[in-house]
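Let me begin by presenting the structure, written as structure tokens, before commenting on it.
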Amino acid sequence: MKRIGAIFRRDLAAYFKSPVGYIILAVFAIIFGVMFASEMLFGGQSDLGANLLFMQFMLIIIIPIITMRGFTEDRKSGTDVLLITSPASIFEVVIGKYLASFTLLLIMTSSTLIHMMFTLGFGGTADAKTAGAYIGFIFIGAAYLSIGLFASSLTENQLISFITTFGIILGLMLLSLIASLLGSMTTTLLSKVNIFDLTDLQIDSISKKMVEIINWPNPSTKLDNFSSGIFELTPIVYFISIISIFIFLTVRMIEKRRWTQK
């Protein structure tokens, strides 16, 4: 734990020794603040849950910026040799770096609590839907961070790390659109070339099942119930699984580099 703590403190401090940490916090706070202020001025109240749902799309930019320095900066400066040959295990190094990026995500998210205070102060409410939106935002951000950290372990170029993370997250976000298009194409194709003499109900069922299968990896679909104030175990297991898989892949990638340097 001491080794993880040392790496965690080192990487968290690194975010604020450069403009990166401040820029991320400022951009997030400004965008969220503008949405909140406009809703309060023109509508008299603000839906924090809906705002956080919108901010999920901002993660496609924010997460790659947070994680692009993860391992690329160490490789570029040569300090990665010290890390992978230190007494700390590769797993401890990866966990320390991941916790640092996750802490920055939490700091960023906590900046919205002032808006909740204003909402409550002006007679608004913060219910189960709001809590679900916060929990969902943190979980999806945590999953994307693990993907970004893995991407940073693949290269020593921060731009390539950024583009890789951006591309993976964008692909996940577009799964709903892709699934919908393929579902419509399947319905049309089976209707015109109905060699199995399927009924309309059967064709519709096949198309819906295809949409579900294609869209299953999409993290956003796992948050629908959270946004409605319904808390389930399945989405939590899903996100923990995604985080575990990409942390494991990151560890394997760093271990591979360690052995090639021996």
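The values are calculated or read from the model by the stated rules, or taken from the named source; none is laboratory data. These numbers were taken from a predicted model, which means no experiment stands behind them. All Cβ positions, even for glycine, are placed from backbone atoms using ideal geometry, and neighbour counts span all protein chains on display. Heavy atoms of the whole protein, side chains included, go into the accessibility calculation; ligands, DNA and RNA do not. Shrake-Rupley method; radii C 1.70, N 1.55, O 1.52, S 1.80 Å.
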Difference of contour (0.36 nm per residue) and Cα-Cα distance, Thr234 to Leu159:
23.5 nm
Expected sort for 247-254, 65-72 on mean C-beta neighbours within 10 Å, highest first, is 65-72, 247-254
Number of Lys pairs in the chain closer than 20 Å at Cα, excluding neighbours under 8 places apart unless interchain, is 12
Amide H within-cut-off set for Glu156, under 5 Å, with H built and near neighbours excluded
none
Among Ala131, Phe150, Ala37 - extreme Cα towards positive end, dipole of the chain, charges at beta-carbon:
Phe150
Could the peptides 192-202, 96-106, 156-166, 220-230 be put in order, highest first, of the mean number of other beta-carbon atoms found within 10 Å of their residues?
96-106, 156-166, 220-230, 192-202
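Give me the net charge of Ser180's neighbourhood, meaning all other residues with Cβ under 12 Å from the Cβ of Ser180; Lys, Arg count +1, Asp, Glu -1. Write out the running numbers ahead of the final one.
Values: positive: Lys208; negative: Glu212.
So the surrounding residues net to 0.
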Under Karplus coefficients 6.51, -1.76 and 1.60, residue-wise ³J(HN,Hα) of the range 217-227 in Hz, glycine/proline x:
x, 5, x, 4, 5, 7, 9, 4, 5, 4, 5
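Quick check: residue separation of Ser38 and Leu120 times 0.36 nm, minus the Cα distance between them. What number comes out in nm?
27.8 nm
Pick out the long, greasy-scoring helices in the chain: whole DSSP H runs spanning 20 Å or more along their own axis by Cα, mean Kyte-Doolittle at least 1.0.
Membrane-span-like by this criterion, though nothing is claimed about a membrane: 19-43, 48-67, 90-110, 128-152, 158-173, 175-192, 233-260.
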Do me a favour and compute the ellipsoid semi-axes for the chain from its Cα gyration tensor, root of five times each eigenvalue, largest one first, whole Å.
35, 29, 15
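Tell me the per residue accessible area of the chain using a 1.4 Å probe; a whole number in Å² is fine.
53
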Long-range HN-HN contacts of Ser111 with modeled amide H, under 5 Å
none
At q = 0.11, 0.16, 0.18, 0.22 Å⁻¹, work out log10 I(q)/I(0) for the range 140-262 with the Debye formula, treating every Cα as an identical point scatterer and leaving solvent out; two decimals please.
-0.55, -0.88, -0.98, -1.18
Surface share of carbon and sulfur [accessible, 1.4 angstrom probe, percent] for the chain:
71
